[in-house]
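S.K.: Handing you this structure, nothing more for now.
The values are calculated or read from the model by the stated rules, or taken from the named source; none is laboratory data. All figures in this text were calculated on a predicted structure; none of them were measured in a lab. In this analysis, Cβ positions are derived from the backbone assuming ideal geometry, glycine residues included, and neighbour counts consider all displayed protein chains. Just the protein is used for accessible areas: all its heavy atoms, side chains included, with ligands, DNA and RNA removed. Shrake-Rupley method; radii C 1.70, N 1.55, O 1.52, S 1.80 Å.
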Amino acid sequence: MLGVVSLAAQPHKTLRQWGFPTGIFQTGQYNAITDVPGVTVGHVTLIEGDSVRTGVTAIVPHQGDIFNHKVPAAIHVGNGFGKLAGITQVQELGNIETPVVLTNTLSVAAGIEGLVRYTLMQPGNEGVRSVNAVVGETNDGRLNDIRGMHVTPQMVIDAINAAHGGPVEQGNVGAGTGTICFGFKGGIGTSSRVLPQSLGGYTVGVLAQTNYGGILEIDGVQVGQRLEKHDFINHVRKTENVDGSCMMVVVTDAPLDSRNLERLAKRAMMGLAKTGGIASNGSGDYVIAMSVAPDNLIDANAKTITSTVLANGEMSSLFAATIEATAEALWNSLFMAEPMTGRNGYHVDALPVEEVLQMLRNR
């Protein structure tokens, strides 16, 4: 099965839909990264035979000409055991000029080619000879025949073209199709926060691809310990699965420059910590942060740039919103995922939702 997954195929509920809102700030309309104006998300999900379980997720930051109206951006490396294409130019220039693509570890090259081809085919880019494609990954090789390199550049283009606003498909879709989180089926998760007008009224949206480990906590409840399923447990009881990766994409309409976007990105790692993630030695944990404030998009043809950016003293509420939205996005990836059997019959159970909900009720 190849294509864009419909919302109707997902019977599960997010943590908030189960009646457990987290944090102090309100979500946007969809509790998704698409609550940030202009942001769209597209998935291509690839499930074939008994061993192909992978895909592509594309985050499009605004609906204009991204290459010629670049997005202020920053990248924070929580732990660098990963293959994030395009990172050095973002660090050097402080902007992103393509959609952001997520896929599996051995398909980063396909992601780059797809993004480059997409950019070159856009009207007005006939003379472009250099494209900094930003492609992140996690390793889905337990459930997926990752060595088969089944993702193609055209799938990347298809994911971008399929990007839409509104509700975002979560769980076993796109780049999250074959991922595993805390020993359970992981996937794609998203959430958002909207600050009150007294704090600027800005929106922060997060989308995550979860494939990491640690000791699962949900809204302060020690779920992993109670289920006796967590990293290092073989040293005290049973088995372990320490390593993995997590890609987190943070987008806001607050007018931030690359310096404060890097500060914002660092707070997403605090959201990961709230879920019990430990950024282990073999984990690629990256945060890509972007500001889509319309007046601060960077005109590639301008000789000077004038922008209005938020003062340092106004950042704290955005930090808190980012932590909240990141943690909830990570939890949502678990709540929205379904069990999956893949390569060589390897099976991963979904989070035992009813058991977890009972823990949350009886805390």
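S.K.: With a 1.4 Å probe and every protein chain left in place, work out the accessible area per residue of the chain in Å², rounded to a whole number.
M.R.: 39 Å²
S.K.: Moving on to the next point. Starting from the Cα of PHE25, step 7 Å along the direction of its Cβ; do the same at SER130; then give the gap between the two resulting points in nm.
M.R.: Modelled inter-label distance: 3.5 nm.
S.K.: Please provide three numbers in whole Å: the alpha-carbon extents of the stretch 77-214 along the principal axes, with the largest listed first.
M.R.: That works out to 51, 46, 29 Å along the principal axes.
S.K.: Here is a follow-up. At 7 Å along the Cα-to-beta-carbon direction for both GLN89 and VAL353, put a label point, then send me their distance in nm to one decimal.
M.R.: The modelled label-to-label distance comes out at 4.1 nm.
S.K.: Can you divide the C-alpha Rg of the stretch 264-344 by 2.2 N^0.38 Å and report the result to two decimal places?
M.R.: Dividing the Cα radius of gyration by 2.2 N^0.38 Å gives 1.52.
S.K.: Additional query: For ASN281 paired with GLU228, estimate the spin-label separation in nm (one decimal), with each label point 7 Å from Cα along the Cα-to-Cβ line.
M.R.: With each label point 7 Å from Cα toward Cβ, the separation is 2.8 nm.
S.K.: At R0 = 45 Å, how high is the FRET efficiency between THR152 and ALA302 if r is their beta carbon distance? Nearest 0.05 is fine.
M.R.: After rounding, the FRET efficiency stands at 0.80.
S.K.: Among all stretches of the chain without exposed GluC sites (Glu not before Pro) (DSSP loop, at most 14 other Cβ atoms within 10 Å), which one is longest?
M.R.: Longest site-free region, per DSSP loop and neighbour criteria: 229-363.
S.K.: Note the full-extension length gain between LEU120 and GLU314 as 0.36 nm times their separation in residues minus their Cα-Cα distance, in nm to one decimal.
M.R.: Residue separation times 0.36 nm, minus the Cα-Cα distance, leaves 66.0 nm.
S.K.: Counting Lys and Arg as +1 and Asp and Glu as -1, each charge on the Cβ, what is the dipole of the chain about the Cα centre in debye, to the nearest 20?
M.R.: So the magnitude is around 500 debye.
S.K.: Just going by the charge dipole of the chain, with Lys and Arg at +1 and Asp and Glu at -1 on Cβ, which of GLY282, LEU106, PRO72 is farthest out on the positive end?
M.R.: Result: GLY282, furthest along the dipole toward the positive end.
S.K.: If Lys and Arg each add +1 and Asp and Glu each add -1, what is the summed charge of the other residues whose beta carbon sits under 10 Å from the beta carbon of LEU318?
M.R.: +2
S.K.: Would you kindly give the portion of the calculated P(r) for the chain that falls above 34 Å, as a percent of all Cα pairs?
M.R.: Roughly 19 percent, rounded to a whole number.
S.K.: Would you work out what percent of the accessible area of the chain, with all protein chains in place, is carbon or sulfur (probe 1.4 Å)?
M.R.: In the chain, the share of accessible area belonging to carbon and sulfur is 50 percent.
S.K.: Give or take rounding to whole Å, what are the principal axis extents of the alpha carbon atoms in the stretch 132-208, in descending order?
M.R.: Principal extents (largest minus smallest coordinate, Cα): 52, 32, 24 Å.
S.K.: To one decimal place, what orientation-averaged projected area in nm² is obtained for the convex hull of the Cα set of the stretch 208-363?
M.R.: 12.7 nm²
S.K.: Return a whole-number percent for the relative contact order of the chain, with Cα pairs under 8 Å and 6 or more residues apart as the contact set.
M.R.: Reported as a whole number, the value is 24 percent.
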